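Down below is the structure, laid out as structure tokens.
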Amino acid sequence: MYKLLFHLLISSSLSYLIDADSTVPPTVTQTSSTQNSEATVSPTVNSTTVPTTPGKWYASSQVLYLNKLVAGAKKVMSDIEPGSQLYLASNDDIENLRNISISSGTVNITLAELYDLDANGKPKNFTITDTLTIFVQDANLSMTNLTGVYYITTKEQAQDPTFHVYVIKTKHNITSSDDSNGTFIILNTQLINFHKEDSDAPQKNSFVSGIVQPETSVLWLHWGLPSATNGGETNRFFANPVKLGAESRFFTHIEPLQVPLDYWHFRSFGKFDLIIENRYQRSQVYTTTGIDTTGIVINNGKYFEHNVRFLNMSTKARTSGALISTLPSSKDFINFTFSDNFGTSNSASFNNESKESHSILSTTIQATKLTISSTSFTPGKFYCQYYGYSGDLLPTTLGTTVKTTQANTTVVGGNSTVSTTPGSTVTTVTTTTAATTTIGTTTAGGNGQFSIFV
């Protein structure tokens with residue numbers, strides 16, 4: 001269940017943070033220009049009924065790295081279930097792969113025999129019937145330069161027709177034409193065209209585009225591998241429909257998604273069509289291609305500031321937000337800030353004292369930009385699914401005007417802080433007490449609230 005931790009409503013903007021698993025609240029701030037602002041009505045979220053949870057949960061499979069093998073030595077694995085399958089995901093020199101053999105039972109092959117895809121673009125595999133032995137035959141082989149991985153399924157996965165494995169080497173079209181569940185393992189290989197000019201470009205990346213799905217279908221994207229214990233949501237970094245607390249919203253337009261991970265997986269329910277490529281597109285400054293849209297920003301290594309510029313309709317009410325999961329590596333903050341063209345912004349910041357899982361930062365300012373920044377070049381992993389959609393037409397007559405008369409003031413509620421617009425009323429709520437503080441003056445109405453629910 002999602003637990004509502006933060007709700008901030010100030011003048012014409014609604015900003016809130018919904019958190020699932022956080023133990024330490026993050027810092028949430030609201031800033032505003034000193035000019036007057038008009039109160040508007042927040043657009044109604046059109047709820048959709050989310051179909052059955054997509055995909056299946058499985059006993060854990062495993063990914064192992066070629067560069068962890070020892071030249072001239074054997075790796076013996078006796079705890080693998082007979083009937084499991086081994087896949088190779090590698091763009092390494094095929095001559096090096098010819099020096100690495102795998103055997104199980106009476107069958108012995110080299111990894112080079114699993115290097116190419118079959119005629120249908122599917123990866124070749126090796127069925128494990130007994131103890132698995134991996135042998136690096138050349139004692140002088142340099143292992144540290146190898147970038148590939150090998151993936152071992154469980155027996156259940158190998159026998160399940162709804163379980164699929166894809167090795168991303170070129171361009172792959174993945175589709176489902178019926179209403180069944182599906183689980184898809186995506187194994188990335190080293191980028192064919194590595195962007196050395198981009199200081200935080202990944203070495204491996206899935207470029208996912210052309211996503212088409214009806215409103216009756218579900219897509220969930222996850223980091224890591226499927227298992228029986230992750231509950232299906234803990235490691236999810238993208239969903240359509242997007243679950244926003246008790247409600248959900250389906251997006252017919254999805255931005256191209258870049259997944260800079262060695263491997264990941266997605267689950268589906270119902271029909272869909274998408275393309276996954278071994279490709280990276282520079283994205284430190286990115287402009288959305290739709291008004292009502294959703295996309296992702298993921299960091300898995302070195303990081304520099306990223307900006308997502310939104311298309312929007314200034315004549316309509318607007319809601320923008322992000323579902324955020326963070327695994328910060330230091331006390332340096334990772335900052336997520338929505339801002340408009342008039343100096344108003346909403347932001348949330350996280351460090352290693354405030355790890356988040358599926359927190360929702362949302363605002364109804366006319367956000368034109370999402371900025372994700374950090375004071376560290378290596379802030380740790382984070383996963384951000386951003387979204388934006390328009391609502392009703394704004395009134396053509398002037399609404400209630402709120403005029404600020406003094407500098408912004410910071411109000412502390414529990415362990416969290418929020419910077420509020422002068423003239424607003426700030427309410428802090430706990431399980432036992434409630435206190436209200438009025439700051440500055442207003443010309444008419446326009447009260448704002450910051451509430452903490454526990």
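So, in region 93-114, how many residues would count as being outside any strand (DSSP E or B) and either hydrophobic (A, V, I, L, M, F, W, C) or buried (at least 20 other Cβ atoms within 10 Å of the Cβ) (or both)?
Residues meeting the conditions: 6.
Read through the list (1) modelled with pLDDT of 95 or more; (2) out of contact with any Lys or Arg (no Cβ under 6 Å at 6 or more places or on another chain); (3) not in a strand (DSSP E or B), then give the number of the only condition that GLY83 fails.
Condition not satisfied by GLY83: (2).
Given the criterion at pLDDT below 95 and of a type outside the set (S, T, N, Q), identify the matching residue among ASP92, ASP130, ASP118.
Residue meeting the stated conditions: ASP118.
I need a count of the residues in region 305-331 that are in a loop (DSSP other than H, G, I, E, B) and either surrounded by fewer than 17 Cβ atoms within 10 Å (Cβ to Cβ) or among the aromatic types (Phe, Trp, Tyr) (or both).
Of region 305-331, the ones in a loop (DSSP other than H, G, I, E, B) are 305, 310-315, 329-331.
Still in the running and either surrounded by fewer than 17 Cβ atoms within 10 Å (Cβ to Cβ) or among the aromatic types (Phe, Trp, Tyr) (or both): 305, 310-311, 313-315, 329-331.
Within region 305-331, residues that are in a loop (DSSP other than H, G, I, E, B) and either surrounded by fewer than 17 Cβ atoms within 10 Å (Cβ to Cβ) or among the aromatic types (Phe, Trp, Tyr) (or both) number 9.
Please list, ordered by residue number, the strands (runs of 3 or more DSSP E) wholly in region 240-300 having 1 or more residues that are touching a His at 6+ places or on another chain (Cβ under 6 Å) and under 20 Å from ILE334 (Cβ atoms). Give the steps one after another, and end with the answer.
On the way: elements: 242-244, 247-249, 257-259, 263-269, 272-278, 285-287, 293-299.
By residue number, 293-299.
Does SER104 fit the bill of being closer than 21 Å to ILE80 by Cβ, in contact with a Gly (Cβ under 8 Å, 6 or more places away or on another chain) and small (Gly, Ala, Ser)?
No.
Kindly indicate the residue of region 187-211 that is among the β-branched types (Val, Ile, Thr) and surrounded by 13 or more Cβ atoms within 10 Å (Cβ to Cβ) and also farthest from GLY380 (Cα to Cα) among those meeting that condition.
Filtering region 187-211 for residues that are among the β-branched types (Val, Ile, Thr) and surrounded by 13 or more Cβ atoms within 10 Å (Cβ to Cβ), the one farthest from GLY380 (Cα to Cα) comes out as ILE211.
Being in a loop (DSSP other than H, G, I, E, B), at pLDDT below 80 and on the phi > 0 side of the Ramachandran plot narrows it down to one of GLY423, GLY399, so name that one.
GLY423
Which of the residues spanning region 186-203 are within 16 Å of the chain's Cα centre (by Cα) and either more than 24 Å from GLU305 (Cβ to Cβ) or at pLDDT 95 or above (or both)?
ILE186
Under 7 Å between Cβ atoms, which residue pairs at least 6 apart in sequence (or on different chains) link something in region 221-240 that is surrounded by 19 or more Cβ atoms within 10 Å (Cβ to Cβ) and at pLDDT below 90 with a partner that is not charged (D, E, K, R) and not in a loop (DSSP other than H, G, I, E, B)?
PRO226/THR183; PRO226/HIS265
Within region 152-186, count every residue that is hydroxyl-bearing (Ser, Thr, Tyr), crowded, with 19+ Cβ neighbours inside 10 Å and under 17 Å from SER84 (Cα atoms). So that I can check it myself, show each step before the final result.
Looking only at region 152-186, we keep the residues that are hydroxyl-bearing (Ser, Thr, Tyr), and these are 153-154, 162, 166, 170, 175-177, 180, 183.
This time we only want the ones that are crowded, with 19+ Cβ neighbours inside 10 Å, so: 153-154, 166, 176, 183.
Still in the running and under 17 Å from SER84 (Cα atoms): 153-154, 166, 183.
Matching residues across region 152-186 total 4.
What's the number of the condition TYR286 fails, among (1) in contact (Cβ under 8 Å) with a residue 60 or more places away in the chain; (2) within 18 Å of the chain's Cα centre (by Cα); (3) surrounded by fewer than 21 Cβ atoms within 10 Å (Cβ to Cβ)?
All conditions pass for TYR286, except number (1).
Looking for whichever is within 29 Å of the chain's Cα centre (by Cα) and not in a strand (DSSP E or B) here; the options are ALA158, ALA119. Which one fits? Lay out the reasoning, then the answer.
Details: ALA119 fails: within 29 Å of the chain's Cα centre (by Cα).
It is ALA158.
Within region 52-60, is even one residue assigned to a loop (DSSP other than H, G, I, E, B), more than 30 Å from ASN145 (Cβ to Cβ), at pLDDT below 50 and touching a strand residue (DSSP E or B) at 6+ places or on another chain (Cβ under 6 Å)?
The answer is no, given that none of the residues of region 52-60 is assigned to a loop (DSSP other than H, G, I, E, B), more than 30 Å from ASN145 (Cβ to Cβ), at pLDDT below 50 and touching a strand residue (DSSP E or B) at 6+ places or on another chain (Cβ under 6 Å).
Residue check: is LEU370 crowded, with 22+ Cβ neighbours inside 10 Å, part of a strand (DSSP E or B) and in contact with a His (Cβ under 6 Å, 6 or more places away or on another chain)?
No; evaluated as a whole, the condition is false for this residue.
Could you please let me know if SER357 is surrounded by fewer than 22 Cβ atoms within 10 Å (Cβ to Cβ) and not in a loop (DSSP other than H, G, I, E, B)?
yes
SER42 - would you say it is modelled with pLDDT of 95 or more, surrounded by 13 or more Cβ atoms within 10 Å (Cβ to Cβ) and in contact with a Ser or Thr (Cβ under 6 Å, 6 or more places away or on another chain)?
So SER42 fails the test.
Could you check region 161-189 and list, in sequence order, the residues that are farther than 29 Å from SER101 by Cβ and outside any strand (DSSP E or B)?
Across region 161-189, the qualifying residues are PRO161, THR162, SER177, ASP178, ASP179, SER180.
Checking THR144 against (1) without any contact (Cβ under 8 Å) to a residue 24 or more places away in the chain; (2) outside any strand (DSSP E or B), only one condition comes out false. Which one?
It fails just one condition, (1).
Taking the options ILE324, ILE298, name whichever one is among the hydrophobic types (A, V, I, L, M, F, W, C), under 20 Å from ASN240 (Cα atoms) and touching a Lys or Arg at 6+ places or on another chain (Cβ under 9 Å). Lay out the reasoning, then the answer.
On the way: ILE324 fails: touching a Lys or Arg at 6+ places or on another chain (Cβ under 9 Å).
Just a single option satisfies the conditions, and that option is ILE298.
The values are calculated or read from the model by the stated rules, or taken from the named source; none is laboratory data. As the structure is a prediction and not an experimental result, all values here were calculated from the model. Note that we place each Cβ from the backbone using ideal geometry, even for glycine, and neighbour counts take in every protein chain shown.
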